[in-house]
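The structure under discussion appears below in the form of structure tokens.
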Amino acid sequence: MEAISIMSYEHIIGGIIAGIISFLFTIKGLLPISNEMLGVLISLIIVYGLGKYAEKKYGRDQISLGSWISNGVLPFYFMWMTVWIMLLNYVVI
């Protein structure tokens with residue numbers, strides 16, 4: 001597989017994990033702290049860390065800023081929002 005495809009899959013998995021973490025911080029009673037902003041902040045840290053990991057693993061010559069945004073940040077964002085909204089709407093606690 002190409003480096004960009006692998007990077008996209010890594011960001012999609014990160015988006016799923018970030019959606020679950022955001023859900024846990026949103027629902028009161030699951031964690032000692034319940035704040036949506038913490039979930040968003042942790043998600044931003046995750047996507048930044050994934051970008052630095054991809055840059056170190058594949059190099060800047062294979063993954064430029066534009067390809068990271070279109071093949072990394074956008075799949076991360078859409079998967080993060082999808083998982084977070086689905087969990088908020090369909091998980092009854």
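The values are calculated or read from the model by the stated rules, or taken from the named source; none is laboratory data. From a predicted model like this one, the values you see are computed outputs, not experimental measurements. FYI the Cβ positions are ideal-geometry reconstructions off the backbone, even for glycines, and counts take in every protein chain you see. SASA here: full protein model, heavy atoms, side chains in, ligands and nucleic acids out. Shrake-Rupley method; radii C 1.70, N 1.55, O 1.52, S 1.80 Å.
Miscellaneous remarks
- The numbered conditions (1) within 26 Å of residue 88 (Cβ to Cβ); (2) part of a helix (DSSP H, G or I); (3) open to solvent by 50 Å² or more (accessible area, probe 1.4 Å) are all true for residue 33 except (2).
- Only one of 48, 53 that is part of a helix (DSSP H, G or I), surrounded by 12 or more Cβ atoms within 10 Å (Cβ to Cβ) and under 17 Å from the mean Cα position of the chain (by Cα): 53
- When residues in the stretch 11-54 are screened for being within 25 Å of residue 69 (Cβ to Cβ) and among the polar types (S, T, N, Q), 2 of them pass.
- If you go through the stretch 56-78 and keep only what is open to solvent by less than 60 Å² (accessible area, probe 1.4 Å) and under 13 Å from residue 12 (Cβ atoms), you end up with 71, 72, 73, 75, 76.
- The combined condition, being in a helix (DSSP H, G or I), more than 14 Å from residue 3 (Cβ to Cβ) and touching a residue at least 60 places away in the same chain (Cβ under 8 Å), is fulfilled by residue 73.
- Matching residues, the stretch 5-29, being buried (at least 16 other Cβ atoms within 10 Å of the Cβ) and within 14 Å of residue 57 (Cβ to Cβ): 7, 8, 10, 11, 14
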